[in-house]
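The structure under discussion appears below in the form of structure tokens.
The values are calculated or read from the model by the stated rules, or taken from the named source; none is laboratory data. Please read these numbers as outputs of a predicted model, since none were measured by experiment. Here the Cβ positions follow ideal geometry from the backbone for every residue, glycine too, while neighbour counts run over all protein chains shown. To get the accessible areas, we keep the full protein, side chains included, count just its heavy atoms, and leave off ligands, DNA and RNA. Shrake-Rupley method; radii C 1.70, N 1.55, O 1.52, S 1.80 Å.
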Amino acid sequence: MTQTTNTVTPPVWASDLEGLMDAYRQAGGDPETIRQAKVATLVISANKVLIAHEIEGIHFEAEELPQGVRARITVEPGVTIERLVHLCFGMLPAEGRQEIISNYDIGAGAKVAFLAHCTFPNAINLQHVMDANIHVGKGATMKYTESHYHGQTGGIEVLPTTQVTVDEGGRFITTFSLTHGRVGRMEIDYDVNVAANGVADLTTKAYGYEDDEVHVREAVHLNGEEARGVTKTRVAVKDRARSEVNTTAEGNAPGSVGHMDCTEIVRDQAQARNVPIVIVRDDRARVTHEAAIGTVNKKELETLMSRGLDEDDAVDVIIRGMLN
């Protein structure tokens, strides 16, 4: 008598998930974390939603599109999400286009922190487009930390655009980091409107080399009384890389205070540019700006070289210290 054995065929997306988790690890993430039942998680590969795991107080709605995904993330009013919400967006193919259209609605009085990893480890001719709209409700707090990994070829174009509205007493704090692997061509565009007693805090860090291009545009509109806003940009470029940072801060109401802080390090034949715009529309508002563009600190360089590092390694240590 012949005994037959039934085999279970893995779903078609299983290999995508395994590959994306490997790439997620390269981007600095811990795949085990996003598999925990108490952690809200959204994982998107190309135009496929691989994981959409909700917990109490946070909801995901995702629609697969021909070249990407439309997602809505909602946090209920008054809810505090105790653990980091993990997001992963990426593509494994070397070529293609991914469009992520996202809406975040953080209810009044809610508190939530997101950790997002965007990973494209094999990019040769690839484009990633992100169109995000964020609403932080009255008295709510949203923290958003985003880390990118684009592989080693530089064959990628990354175009994220984000519109943010911070209601009265709300807080929006974000950090963008692309400091490992190639940048390719990147254009970040943030536009933030802040109501009375609200806070916007934006940090951008990038390290470009070879023929990478880093473009950062950030505009913070302090529209309400006692609104606060700060942009902090840290960019390093070497070889033939280029960077341009355009920041705008508007003090449009009594007691509003804004500050722009930009540091760019330049090596070899690289080029860096900073264009700050300060606009004040109320005599009780205050907006300030500081910028430093140039090479690494000579004393720091000599100290590291005296400890046995060659110049290139010493420069890299200084740059990574600034970025970290």
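Of note:
- For a label point 7 Å along the Cα-to-beta-carbon line of T80, residues of the range 170-204 with backbone N under 19 Å: 170-173
- Under the combined filter of DSSP loop state and at most 15 neighbouring Cβ atoms within 10 Å, the range 257-289 retains these trypsin sites (Lys or Arg not before Pro): R281, R284.
- Net charge, G224 excluded, C-beta distance under 14 Å - Lys, Arg +1, Asp, Glu -1: -1
- Rel. contact order, % - alpha carbon contacts under 8 angstrom, at least six apart, the range 172-302: 21 percent
- FRET efficiency, D239 to L159 (Cβ-Cβ, R0 25 Å, nearest 0.05): 0.65
- Beta bridges by DSSP in the chain, antiparallel share as percent, to the nearest 5: 10 percent
- Spin-label pair R25-N324: with each label point 7 Å from Cα along the Cα-Cβ axis, the two points sit 2.1 nm from one another.
- Each Cα pair under 8 Å and six or more residues apart adds its separation to the average, and for the chain the resulting relative contact order is 9 percent.
- Loop trypsin sites (Lys or Arg not before Pro), the range 39-113, which have at most 16 other Cβ atoms in a 10 Å radius of their Cβ (DSSP): R83
- Surface exposure of the chain, expressed per residue as accessible area with a 1.4 Å probe, stands at 46 Å².
- Each residue, L309 and N297, gets one label point 7 Å from its Cα in the Cβ direction; the gap between the two is 1.2 nm.
- When the GluC sites (Glu not before Pro) in the range 15-54 are filtered for DSSP coil states and for at most 11 other beta-carbon atoms within 10 Å of their beta-carbon, the remaining sites are E32.
- Partner lysines for K299 [C-alpha distance under 30 Å; skip if fewer than 8 residues away on the same chain]: K205, K232, K238
- Simple label model, 7 Å out from Cα along Cβ direction - E290 to R70, nm: 4.5 nm
- Partners of K111 within straight-line reach, counting lysines whose Cα lies under 20 Å from its Cα and excluding those fewer than 8 residues away in the same chain: K38, K138, K143.
- Rolling a 1.4 angstrom probe over the chain with all protein chains present gives an accessible area of which 46% lies on carbon and sulfur atoms.
- If the segment from H59 to D268 were pulled out straight at 0.36 nm per residue, it would be longer than the present Cα-Cα gap by 70.4 nm.
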